[in-house]
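What follows is a short report on a single structure.
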Amino acid sequence: MAKKQSAKRRSSGKGNRADQYIVAGIVVALIVIMLTLWGPLRKFRPTEDHKTPAQAKKSEPAPKKPEKKVAKKTGGSAVVKPLEQTALIAIVIDDLGQDLKQARELLSLHAKITFAVMPGLPQSKKVAELVKQNNRELLLHLPMEYRGKNGKPATGMLRSDMTPMEFLNTIGDDVVSVPGAIGVNNHEGSALTENKEAMKFLMAELKARNLLFLDSLTSPNSLAYATAKEFGLKAAKRDVFLDNEANNPVAIRKQIDELVDIARKHGSAIGIGHPHPTTISELRKWLADTADQNIEIVPVSRLMQ
């Protein structure tokens, strides 16, 4: 009898183990199925025919914006032509700081002209204050070493024969002399702007002071703009000098027209002039018609990148 019970227990133990193996196998199979369908084993790469909504939206070509057009009547019939893009022009007037009269005449033009004031002149600080009071943009017109014998050394001029400390101290004094300036453009500088090391010193200091830079391009070989970009400054280059012939209204108007042509072709342009009576007079005449010509006068910083 005891032997029969012992045999039954062994038989029952084997049966229980078999049942456990079967159950475990079923559980493992279910886990594998779940991981395959919903877990990390699932791999889904949408095809061209099965894109997600976001992917399908990205692949669709963007709808073209309707072209703005205006109708122009000619001989009783209407001709539809594209609306002309507004040309952005910045006008920078250099060499300010000698007296307040010039600044007041320029402010009377009621345009967003940018004022470039030289350091160390009798009225440099007062002109700078007047410009800021009238919410116009202000630059330090920084004197730099020129090439040739006809120039005249200016107060606060940067030279290639300076020590690094003299160079940086001069920049500091010049900045203090024109309070509120948001940037710098060069006065003269046909020699210094071609000097890579000098431009590195200059741009590093302007970067530290968070100032912009406009290259007046007094030399076609100037490295100033390229160096400014290397240092991450917002910068731009002059397109046209307005008044190389200071007392010739016809020549000045021709230069203004060239500036407009460049702005229409490229969307924007920068012109530099000086506070000569003829220049101010020609600007006054031209500015009266800019609204009708689809031209907007903007601060020079707006055209800097």
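Here, each number is a calculation from the coordinates, and none is a lab measurement. Predicted model only: the values in this text are computed from it and were never measured. Don't worry about glycine lacking a Cβ; one is built from the backbone with ideal geometry, like all the others, and counts go over all protein chains shown.
Of the residues D292, D261, the single one that is over 27 Å from Y146 (Cα atoms), in a loop (DSSP other than H, G, I, E, B) and not polar (S, T, N, Q) is D292.
Residues in the stretch 241-263 that are in contact with a helix residue (DSSP H, G or I) (Cβ under 8 Å, 6 or more places away or on another chain) and crowded, with 21+ Cβ neighbours inside 10 Å: L242, D243, I252, I256. So which pairs qualify, if the first residue must be in the stretch 171-185 and closer than 17 Å to S216 by Cα, the second must be surrounded by fewer than 17 Cβ atoms within 10 Å (Cβ to Cβ), the Cβ gap must be under 9 Å, and the two must be at least 6 apart or on different chains? From the stretch 171-185, the pairs are I182/N210; I182/S301; G183/S301. Number of residues in the stretch 242-278 that are free of Cβ contacts under 8 Å to residues at least 60 places away in the same chain and farther than 24 Å from Q305 by Cα equals 17. Just one of the listed residues (I270, I280) is within 27 Å of A181 (Cα to Cα), of a type outside the set (S, T, Y) and under 19 Å from the mean Cα position of the chain (by Cα), namely I270. Across the stretch 145-182, the qualifying residues are those that are more than 23 Å from Q98 (Cα to Cα) and of a type in the set (G, A, S), and the one among them that is surrounded by the fewest Cβ atoms within 10 Å (Cβ to Cβ) is G148.
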